[in-house]
1. Stretched out fully, how many nm does the piece from LEU196 to VAL118 gain, at 0.36 nm a residue minus the Cα gap?
2. Using a basic spin-label model with each label point 7 Å from the Cα along Cα→Cβ, how many nm lie between LYS53 and TRP141?
3. Which entries of LYS53/LYS89; LYS53/LYS153; LYS87/LYS208; LYS53/LYS98; LYS49/LYS208; LYS49/LYS104 have Cα-Cα distances beyond 24 Å here?
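Values quoted throughout were computed directly from the atomic coordinates according to the rules given, and no laboratory measurement underlies them. Here the structure is a predicted model, which means the values were calculated and not measured. Every residue, glycine among them, receives a Cβ derived from its backbone with ideal geometry; neighbour counts consider all protein chains shown.
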Amino acid sequence: MSKQRKRRHDQVEENPSYQENVASIGPRPGPKASNKGGQDGHIETLMAKFSAKTRTTKEIEATVPGEPKYSVETWLPSSFDYYPSIKHKATELRHQGKLADALKLLRDFEKFLLSGDVALLPNDAEGVIDVDAQEEQPERWKWQVNCGEDGWKDFDQNANDIVEAALAQGKETVEFPGFRGAPYTLHFELLLQTNLRSGYSRPVRRHKL
């Protein structure tokens, strides 16, 4: 090992966060104590860890004075979403029965995530890692209103966000600003929107994009 790679290696090992992550996984088996069952268990744990997505929430300002903010939940991408080639290579090695190689790849990947040192990654994987992977998009829905002969028309984004947040909260109805800022209410069970000024109602639907 070169002096530069050894220095990077020592820095990663001294990182408190890395020590905590390793402790959560359990002790590493030594050369004599390791076995296929133990290695496969560690591989399974690391694969699950790097496949895990993080939940996050987006707050939406209420359009009606005095009303609380709405929250919409979404998910951030996993480590494997950003670096799919590592997952593919580890899976391939595992299927080939090369558990020690798969485990080393995943442990080096873990160190790379903590330190950012690309020297920890295998040479044949560096050039194919998708470092510009985009955040995985959650399921998207668009509310639409039936405008008769004009067909189904989309809600504007603000109204759509308000309605989606209310649906996620389990509400039966929700008030939102509609056409030209007029106040509307939407009844989820009846799938109707009603103009609170005119009393006129139209059918609505939730369309998956």
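1. Working: separation 78, 0.36 × 78 = 28.08 nm, distance 5.96 nm.
Working it through step by step, the gained length comes to 22.1 nm.
2. My value for the distance between the label points is 1.6 nm.
3. Pairs exceeding the cut-off: LYS53/LYS153; LYS87/LYS208; LYS53/LYS98; LYS49/LYS208.
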